[in-house]
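One structure below.
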Amino acid sequence: MAPVQIDTLDAIAIVTIDNPPVNALSNAVRVGLLEAMDAAERDPAVGAVVIRGAGKNFIAGADIREFDQGLRPPHTPQVVARIEAMDKPVVAAIHGHALGGGLEIALGCHGRVAASGASVGFPEVRLGLIPGASGTQRLPRLVGVEAALDLMIAGRPVDAAQAHDSGIVDAVVRADELLDAAIDYARSLCASDAAPRRIRDLPITTVAADFFVEYRNKIAARTRGQLAPDCIVRSVENALTMSFDDAVIAERELFTRCMVSPQSKALRHAFFAERKVTKPPQLAIDAEPLAISRVAIVGAGTMGAGIAQSCLAAGLDVMLQDLSEQQLEGAREKMARINEAAIERGRMDSAAGSRLLAKLRTTTDLGEVASVDLVIEAVYENLDLKREIFAGLDKNCSPKTLLATNTSTLDVDAIAAATQRPEDVFGLHFFSPAHVMRLIEIVRTASCSPVTVAAGVAFARKLGKLGVVVGNAHGFVGNRMFHGYGREAQALLLEGAAPEQIDRALVDWGMAMGPHAVGDLAGLDVGYKIRSERRDAPDDPSYFRIADVLAEAGRYGQKTGLGMYRYAPGSREPQPDPEVAQIIVREAEALGIERRNISNDEIVERCIYALIVEGARVLEAGIASRASDIDVIWLNGYGFPRHRGGPMYYADSIGLDRVHSTVCRLEGKFGARYWRVPRVLEDLAERGGRFEDLADA
Ligand code: 3H9
């Protein structure tokens, strides 16, 4: 069926865009819209036009896949201009999402009616783009310069009510009345003597002389290193200094510059990678996921409370179990504080907060969790304790209950082996704070069934999180790679770089936090305990030496006020500590390591290449199914800069032949213990391949 259809109903041409799954503005849709406008203009029986979307959305924006193939005319600005130039009134009937180019089409219309559940916005910035079909010119004319900038720079859609308040849409109606309301509106415009209201002709309100300087300052910190936000500001500036038509041409140039930029390519990769994780290869067989609506969480510590909060927020029936009443009360208090913070930020009203907490059931009796769909164990990291709990759960729970562990390091197969149903046991590695972090590693064991994996994936989606299926290996994917990264950050200390230099170099490169600040946040005692329990730790006295010495001295990080840095009481701001500098020099001397000046480039190269090498090993071992899954984990769990696409995409974008020669150089300089070139890297480099091309494991 053609992606754009036109039906005439009592003098109103109803133009329907039907391009599943999201009504993206593909070339065929653009052609279809132009043809529909021509047909409506020509037809004397048509007095006005309504444009609407079939399925779940109005239009979700440009077809992002086309950006890599080169865009073919007609282009969206031309379609928007054609709609606006119509002599007959055109009204957009918006339901679901009107995003990016979709909203630009709606702004080309002479009126906009939205269904109450609809949302509209310009998410282009999240793809490293700017609105490229006159959005940067029309929106400021409609809602004012600052409000338009805020919407485009945040990239976050607004709901129909907010869109109405700001003037983006003219009316909000019930979803089942949308088409009738849009038709009525189109008729009223038709009946009026006034010419159709064209946004391009609206005056633009001027701003103070220093407005743009101040605006750039305001967004500088959160848009650090990104190309698109500055291009958006520039394009809106043009709206005040150029004619409409010239500014639209300039906008298109800025859009194209962004589209071909490495940043946008990386962000588009991240967009599709995050969608791909919802379809892991392990689900290729038709596994119908079990519906999970009742969840029990065993262990009411920080993780347990955060997981319970996420489940409650997703509307699940939640039981929190702990042997200690006091611990349960503590979890309730934690969750109340989480709600208070959400209320303060305007993300929740207080009634909703109380309702949420009232739904939480707690118990000290493990027997009470017997009939839920899923139990998530979140007690502290101790294999014997976890095995004991799983043996008990196995005995008590219904045969239909799935059993998951929130371990971040332990062997999930060993935990599953404590039960008679290892096929129903899997890992759900939530990241901390669990109610905030979007990432979950879904750990499949050797014996867990595809149905169990499918249930884990569906469960993560229900929580609004990104569940990435990973294999069962020490540290799974994320923490295992973090080990390589942290190892280099530690070695660099002994060789002569200060913690603050290392952290600054990596933050400047784009990481959300430096590795040493992360260590202090997570607790140096945590890493110490994990390392001391590992049987396969390398025979290397310098391995995590400084972190170990600090942990042994009780310097655990933020929680003790002293770690790799020092912290003023009540502050989370890391301050360089001369005592740590002395410890580092002393340890380097003891190990016979000669200290030298280390450049920021070397810091970045060694830490990021350690990540890439470890990622390659993870792929080689089949612990991650595909390179893009690793990227999703690092983008969402470890603050890897999104505009660099993730460590494996970053390596692909450098070119694996170059990556290979750098790793060979590092191996030559620092030895093969850590820098041995992974076979997969060697193979791909040899045949000019990319990690992305590897077949799914
Ligand atoms: C733009 O508009 C630039 C203009 O200013 C200038 C033009 C010149 N294109 O997310 P889902 C696929 S830039 C192609 O799971 P949901 C997606 O990959 C664009 N494909 O659904 C997936 O495919 P698969 C600005 C797209 O219901 C399937 O649709 N717009 C596009 O959870 C389902 O996606 C945006 O940035 C697309 N635009 O969420 C909006 N969108 O099944 C991007 C989706 O093969 N899209 N797909 O894995 C979204 O934010 C969400 O998809 C949406 C629906 C909220 C719409």
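Bear in mind that the values in this text are calculations on the coordinates, not laboratory data. Quantities reported herein were computed from a predicted structural model and do not represent experimental measurements. FYI the Cβ positions are ideal-geometry reconstructions off the backbone, even for glycines, and counts take in every protein chain you see.
A few comments on the model shown:
- Applying 1/(1 + (r/R0)^6) with r as the Cβ-Cβ distance of ALA147 and GLU602 and R0 = 45 angstrom yields a FRET efficiency of 0.50.
- Summarising the amide proton neighbourhood of VAL298: residues at separation of 5 or more, or on other chains, whose placed amide H is nearer than 5 Å comprise GLN321, ILE376, GLU377, ALA378.
- Degrees, to the nearest 10: 27-42 long Cα axis against longest axis of the chain: 20 degrees
- Pairwise label distance in nanometres, LYS279 with ARG438, each label 7 Å out on the Cα-Cβ vector: 1.9 nm
- Derived scalar couplings between HN and Hα for the range 228-234 equal 4, x, 5, 5, 5, 4, 4 Hz in order, rounded to whole Hz, by the Karplus curve 6.51 cos²θ - 1.76 cosθ + 1.60 (θ = phi - 60°), x for Gly and Pro.
- Judged by the mean number of other Cβ atoms found within 10 Å, the most tightly packed of the peptides 116-122, 333-339, 239-245, 643-649 leads the ranking 643-649, 116-122, 333-339, 239-245.
- Residue ranges 549-559, 677-687, 402-412 sort as 402-412, 549-559, 677-687 when ordered by packing (mean number of other C-beta atoms within 10 Å per residue, highest first).
- Angle between the chain longest axis and helix 145-154 axis [Cα atoms, degrees, rounded to 10]: 40 degrees
- Whole-Hz ³J(HN,Hα) from phi, Karplus 6.51 cos²θ - 1.76 cosθ + 1.60, for the range 537-548, glycine and proline x: 5, x, 7, 8, x, 8, 5, 6, 4, 5, 4, 5
- Cβ crowding within 10 Å averaged over residues, with 61-67, 369-375 ranked highest first: 369-375, 61-67
- In the frame of its principal axes, the range 294-470 has Cα extents of 45, 32, 26 Å, reported largest first.
- Amide H contacts of ALA62 (H built 1.01 Å from N, in plane; Pro and chain starts excluded): LEU25, GLY101, GLY102 sit under 5 Å, all sequence-distant by 5 or more or on other chains.
- The relative contact order of the chain, computed from alpha carbon pairs under 8 Å that lie at least 6 residues apart in sequence, is 9 percent.
- Based on the Stokes-Einstein relation at 10 °C and a viscosity of 1.306 mPa s, and on the Kirkwood radius from alpha carbon pairs, the chain is assigned a translational diffusion coefficient of 57 µm²/s.
- FRET efficiency estimate (nearest 0.05) - Cβ-Cβ, GLU388 to GLN326, R0 22 angstrom: 0.55
- On the basis of the beta-carbon distance and an R0 of 30 Å, ASP508 and ALA352 show a calculated FRET efficiency of 0.15.
- Among the listed pairs LYS276/LYS465; LYS279/LYS465; LYS400/LYS465; LYS334/LYS559; LYS386/LYS462, those beyond 19 Å (Cα-Cα): LYS400/LYS465; LYS386/LYS462
- Normalised by 2.2 N^0.38 Å, where N is the number of residues, the C-alpha radius of gyration of the range 501-641 stands at 1.12.
- On the principal axes of its alpha carbon atoms, the range 1-62 extends 33, 20, 19 Å, with the longest extent given first.
- The string of couplings for the range 455-469 from the Karplus curve (6.51, -1.76, 1.60, θ = phi - 60°) is 5, x, 5, 5, 5, 4, 5, 4, 6, x, 10, 9, x, 10, 6 Hz, one whole number per residue in order, with x for Gly and Pro.
- Between VAL469 and ILE442, the built amide H atoms are under 5 Å apart, and every one of these is 5 or more places off in sequence or on another chain.
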